[in-house]
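Inspection log for the structure reproduced underneath, given as structure tokens.
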Amino acid sequence: MFKVGFAGTAKNTGKTTALMYFLQQAFAGCQRVGLSGIGYDGEDLDHLTGLPKPRVFCPRGTIIATAQRCLARGTASCRLLEVLPVSNALGPICLAEVVNPGLAVIAGPNKRGDLRRTLKAFARGGCELVFVDGAFGRMSPFVEVDGLILATGAARNRALDCLVRETRALDRIFTLPAAVLKGAVEGENTIVIWGQGGGTIRFRETSLLSPELVQEVARAAASAEVISLPGAVPGRLLGKFSRELGEDLAGKTLIVSDPTKLLVLGEYVEAVAALDQIAAFGGRVMVRERIPLLAVTINPFYPREVNNTFCKDFIDGNLLKQALAAVTRVPVINVREGGPAYYLDTARREVVTIDN
Amino acid sequence: MKYKSRILDALDVETFLLARDEGEAKGIMEGLLVELGFADHDIVFLEQVGCGVRVRARAYVHRPGVSYGWLAGGEQ
Amino acid sequence: MMAAERKKILLVPLDPVHDVGLKLIRRALKEAGHDTLLLPPGLEPNEVVSKLLEQNGVDFVLVSRTIGYRVGELLAEFVDLVEACGVRERVILVVGGMAVRPELAAELGFDAGFGSGTTPEEVVAYVEGRPFVAGKERGTGKKKVDLTAGYSYAYRNREIEKQLDLITQEILTWVGNKTSPAVERARLAFSALRGEIEPGEFREKYLGYCDDLVRDYYNHRRLPNRTRLLDREELDALERHQHWEGISTAVREGLPRPAIFIQYGTGCPIMDIMHIKTCEAWGADGVVHFDPSWGARTEGLLAGYLAHSEDGTVITLENLRLLKEYLWPGTLWQVRAHRGLNTPETVVLAGEVGADLTKINMVYASLGAGMDPARMTVDGVEAIRWAVHYGLSFDVVTNEELCGVPAYKAFAGMLIVAHLARKMGGRPILQPLFCRSPEVMIYGQMKDNYIDYNAAKILALQGIIDAPLWPGAPIGFLTHTEDRVQSAVTTALHACLARSLGVEAISIASSDEAYAGGPIVAASRIDTLRGTYEGFRFFGSAGIEPTSRAQEWAQELVAGITRVLKDVASSGSFVQALYRGLLGSPEDGAYPGRVGRGTLLRKEPGEDV
């Protein structure tokens, strides 16, 4: 079973449109597809009824994992397969099969452990491919997937150069090499420093969360060979760490648990600046677990504020696509291109299903 | 003390104090009366309910049998 | 008393300033025996997570934050960081604040979300892993009473009921397609409090319906005269100041009725809190918020923790929330809306913040408080609608008696508003005045005693309808002098009379009631509470016996009320009846007001009525 995560850099970056695009492609390949999400994909509240409007279209046969109480909120009819021992703020999460296609509200497991348990259930249900929708900029639960599709676009930042810088940064972080010393660091859950003479310093902390701790670890690491940072490593503090050690970084290896740990607090541009600095000083950064980036999707749409209200606007999609393709090795897909065809296809599929 | 002599017998000071208990309130009132210049004083009533204490403190100006300022007609 | 396992809870105001709600929750958690640690407001997510990691064995993290621009991102980053640090599985993350819904909590990655209207007891129940049953919490201390419980609102006087039906039907039809700046503001405020409207959009639209005083405040930070903003240090100092912890003696213990209300409004919410705490301890069952009179004549409400150096505490969302934080759970809280340009909006705030009661009477507001009858009728109906929405019961006061309107006319107006409320699904409480009004000074009903005419009023109303009665406001109005002994005695005696007549509640004054030279002091509030208690103790279940005049006057009142209602009904227009003086005329001393005249709008915006 292959597990794909859909991560957005912000709201309105077309994550859901991208998800539907891939969902359709998957069904074209006749695979048994599972679908869940780590947030709540139900669109804004309908201001008339106060109820959320669903927007994820699920073809017949899709296996979804969502809060049980969300099943009734969509237009898709589902057959309950299993109530999982996992819940979120909306209650217990269940596995269900779509028997009549339609829109569904997807609110699945929102923490890493729960996502792992849910993915196991998908595997038991015979899924070959599972899509996991993201929420806001939350990346950490995606440690559990096999690859990521990243949605970005004008909603995150309208300035092209900013989007380019960020995408380059994300590409860089997701392509960090896997650590060769994996075995040695495996069992370590806190910050550990291995010295040249074989001496080991273990910290109580897992994560670099304060400038004071950064200083302390940097001091202890002056003559280290390998530094394992298993928890969160915010970009700004990694920058401080690199400045503290400076030339002393030469020949040292920093091992971070996985790429998501460098994305916390949304400080990935800062993280990449730090990675560049570490490299310049002759050090290297590796990850215990890689999460491959599969594709970048772009959405030129953004909500523009005019006189205190919002209206739809777009930046130049082609320009954006070309600019991003230049800084990442993975395919860049404009979700607005081919959009109408996709919707038409979907509609046709629905009609056909009903006719049957 | 030109006004004091006109008090018939005593001056009562009643208030509501924020205090932990009646003991603390008593101390505060005694201190206050001394600060106001009344050496001969007493606490007539203390009652604590809730966050404070109701208190009635008394400063004697003319105890019965002393020489009364108002009778002497002196300082005013 | 603690049945549940002791939990360790970290309380996080992930907000630049607000932590009032969390403090309230912390108190409830502490009372339930749990360990709590409240972080200061304004920390960054990484600082909060550092604190979480430093603490061993935290079971719950309760984050409070009002939803607004980019707040979702901030909260999501916080959750993500907790996960990245490897402790997400060990701790339950809860988010609370205005506009938080379970769907949003799920989207942000929290385990639970609590929105506005959540009680601390609900949060305690969640933490203890048991289902929350509203109204069954708080086994100890004073119980909050529902003043309207057990009343059928059935009419004992069919003729009056018939006239009221005609009049109120006409009012609802007349109001039909009309709206007003206040009605629009109330709807905007409601949407904004739910996060359904962007702050920028809200502000622009809201200020479009406001007076310059309010606009200047929002746009140029220009404070109205004699007001100032309380600063963070003062509010923090208040939080540290906990003299009243753990006190819960009710001096009225064992005496079921009536509930005793005091009226506060020193101008400063901090002083109000001290007065409220004092009164609660000395036996008050409820407290009534008084706002400055200019607040009623200004279109729009201000914002912020605002102190006022004269009578009346300014109604702002923040002030009300602050006051609510310090109220005992068993204390009834009334936020008055009745007499001004902000009536519907005040009900919305009162409902959102968790008040129990409000006050609405468009007849008094029109005849005794300077409001234009047409505008006030539209606003009044909308205010009742909001009160019903929030489940707030409200009193209908007859303060126009103080202007000289005879009781039978004032009561006719009161019954119209109460009947209207019933039609709309509300639970009104009748509030006849216990007062030595101009009427009785002229006609001499109190020449011999204060008992008979006050009793007549109650008997008259009890003969008309089975509805709760709450004499006010305050009882003994115009019998008080500056002498505190006299003042406390007259209050106590009026209270005993009310109790003997079987009313549901009373509002009492302090012994400073007649003193107009400065603020009321806490000691004077204790005077009358103490006096009332002694009176209740003295009479016990023994009653006060009015003379036969009481029944005669009661019959005269009912006849007068019937006459007035027939006149109003046959006039065909309630609003015109107000202008024409049928419910109180210039000869009586009542003048239809001008405030808000010509401000009504049609429901389609832009068109004047």
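The values are calculated or read from the model by the stated rules, or taken from the named source; none is laboratory data. Since the model is a prediction, treat every value here as computed from it, not as a measurement. Neighbour counts are summed over all protein chains in view; Cβ atoms, including those assigned to glycine, are modelled from backbone coordinates with ideal geometry.
For segment C:52-73, which residues satisfy the criterion of being within 12 Å of another protein chain (Cβ to nearest Cβ), surrounded by fewer than 19 Cβ atoms within 10 Å (Cβ to Cβ) and touching a residue at least 40 places away in the same chain (Cβ under 8 Å)? Scanning segment C:52-73 gives a single hit, C:TYR69. Evaluated against (1) in contact with a helix residue (DSSP H, G or I) (Cβ under 7 Å, 6 or more places away or on another chain); (2) farther than 20 Å from C:TRP282 by Cβ, B:ALA19 falls short on exactly one condition, (2).
The set of residues in segment A:69-86 being within 14 Å of chain C (Cβ to nearest Cβ) and in contact (Cβ under 8 Å) with a residue 24 or more places away in the chain consists of A:CYS70, A:ARG73, A:GLY74, A:PRO85, A:VAL86. Is there a residue in segment C:37-45 that is more than 32 Å from the chain's Cα centre (by Cα) and aliphatic (A, V, I, L, M)? Checked against the condition, which is being more than 32 Å from the chain's Cα centre (by Cα) and aliphatic (A, V, I, L, M), segment C:37-45 yields at least one hit.
One line per residue, one yes/no per condition, for (1) touching a Lys or Arg at 6+ places or on another chain (Cβ under 7 Å); (2) touching a residue at least 24 places away in the same chain (Cβ under 8 Å); (3) of a type in the set (Asp, Glu):
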residue	(1), (2), (3)
C:MET446	yes, no, no
C:ILE451	no, yes, no
C:GLY476	no, yes, no
C:GLU482	no, yes, yes
C:SER487	no, yes, no
C:LEU497	no, yes, no
C:ILE508	no, yes, no
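Taking the conditions exactly as written (closer than 30 Å to C:LYS566 by Cα and surrounded by fewer than 17 Cβ atoms within 10 Å (Cβ to Cβ)), does C:ARG158 satisfy them or not? When the stated conditions are applied, C:ARG158 passes them.
Rundown of residues vs (1) hydroxyl-bearing (Ser, Thr, Tyr); (2) at pLDDT 90 or above; (3) under 17 Å from A:LEU84 (Cβ atoms); (4) touching a strand residue (DSSP E or B) at 6+ places or on another chain (Cβ under 7 Å), yes/no style:
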residue	(1), (2), (3), (4)
A:LEU119	no, yes, yes, yes
A:LEU129	no, yes, no, yes
A:VAL132	no, yes, yes, yes
A:SER140	yes, yes, no, no
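Of the strands (runs of 3 or more DSSP E) lying entirely inside segment C:268-359, the ones with 3 or more residues being within 19 Å of C:SER510 (Cβ to Cβ) are found at C:286-289, C:332-338. For segment C:193-211, a tally of residues being within 15 Å of C:ALA99 (Cα to Cα), within 13 Å of chain A (Cβ to nearest Cβ) and not in a loop (DSSP other than H, G, I, E, B) returns 2. In summary, C:ALA514 fulfils each of the numbered conditions (1) surrounded by 15 or more Cβ atoms within 10 Å (Cβ to Cβ); (2) outside any helix (DSSP H, G or I); (3) touching a residue at least 40 places away in the same chain (Cβ under 8 Å); (4) in contact with a helix residue (DSSP H, G or I) (Cβ under 7 Å, 6 or more places away or on another chain) with the single exception of condition (3).
Note on segment C:411-438: residues that are assigned to a helix (DSSP H, G or I) and buried (at least 23 other Cβ atoms within 10 Å of the Cβ) total 11. Quick one: count up the residues across segment A:100-143 that are part of a loop (DSSP other than H, G, I, E, B), among the hydrophobic types (A, V, I, L, M, F, W, C) and more than 13 Å from A:LYS3 (Cβ to Cβ). Summing the residues that are part of a loop (DSSP other than H, G, I, E, B), among the hydrophobic types (A, V, I, L, M, F, W, C) and more than 13 Å from A:LYS3 (Cβ to Cβ) in segment A:100-143 gives 4.
Every condition in (1) under 11 Å from the mean Cα position of the chain (by Cα); (2) more than 9 Å from chain C (Cβ to nearest Cβ); (3) among the charged types (D, E, K, R) holds for A:LYS120 except the one numbered (1). The residues on offer are C:THR266, C:THR298, C:THR316, and the sole one that is under 19 Å from B:GLY52 (Cα atoms), polar (S, T, N, Q) and either surrounded by 20 or more Cβ atoms within 10 Å (Cβ to Cβ) or at pLDDT 90 or above (or both) is C:THR266. The number of residues in segment A:226-266 that are closer than 22 Å to A:ILE149 by Cα, part of a helix (DSSP H, G or I) and among the polar types (S, T, N, Q) comes to 1.
Output yes when any residue across segment C:55-73 is modelled with pLDDT of 90 or more, out of contact with any Lys or Arg (no Cβ under 8 Å at 6 or more places or on another chain) and in a helix (DSSP H, G or I), and no when none is. No, segment C:55-73 contains no residue that is modelled with pLDDT of 90 or more, out of contact with any Lys or Arg (no Cβ under 8 Å at 6 or more places or on another chain) and in a helix (DSSP H, G or I).
Residues that are more than 10 Å from chain C (Cβ to nearest Cβ) and crowded, with 20+ Cβ neighbours inside 10 Å were ranked within segment B:42-57; the one that is nearest to C:ALA522 (Cα to Cα) is B:VAL53. Residue count for segment C:74-100 under the criterion of being buried (at least 21 other Cβ atoms within 10 Å of the Cβ), part of a loop (DSSP other than H, G, I, E, B) and either within 11 Å of chain A (Cβ to nearest Cβ) or free of Cβ contacts under 8 Å to residues at least 24 places away in the same chain (or both): the result is 2. In the set (1) assigned to a loop (DSSP other than H, G, I, E, B); (2) surrounded by fewer than 23 Cβ atoms within 10 Å (Cβ to Cβ), C:LEU459 fails one condition alone, (1). Return yes or no: is C:ALA307 in the same structural domain as C:ARG427 (by TED's automatic domain parsing), touching a His at 6+ places or on another chain (Cβ under 9 Å) and crowded, with 20+ Cβ neighbours inside 10 Å? So C:ALA307 does not fit the description; no. Scanning segment C:350-371 for residues that are of a type in the set (Asp, Glu) and farther than 18 Å from C:LEU322 by Cα gives no hits.
When residues in segment C:190-208 are screened for being touching a residue at least 60 places away in the same chain (Cβ under 8 Å) and either under 16 Å from C:ILE384 (Cα atoms) or touching a strand residue (DSSP E or B) at 6+ places or on another chain (Cβ under 7 Å) (or both), 1 of them pass.
In segment A:267-289, how many are within 18 Å of A:GLY8 (Cα to Cα) and either among the charged types (D, E, K, R) or surrounded by fewer than 22 Cβ atoms within 10 Å (Cβ to Cβ) (or both)? Residues meeting the conditions: 2.
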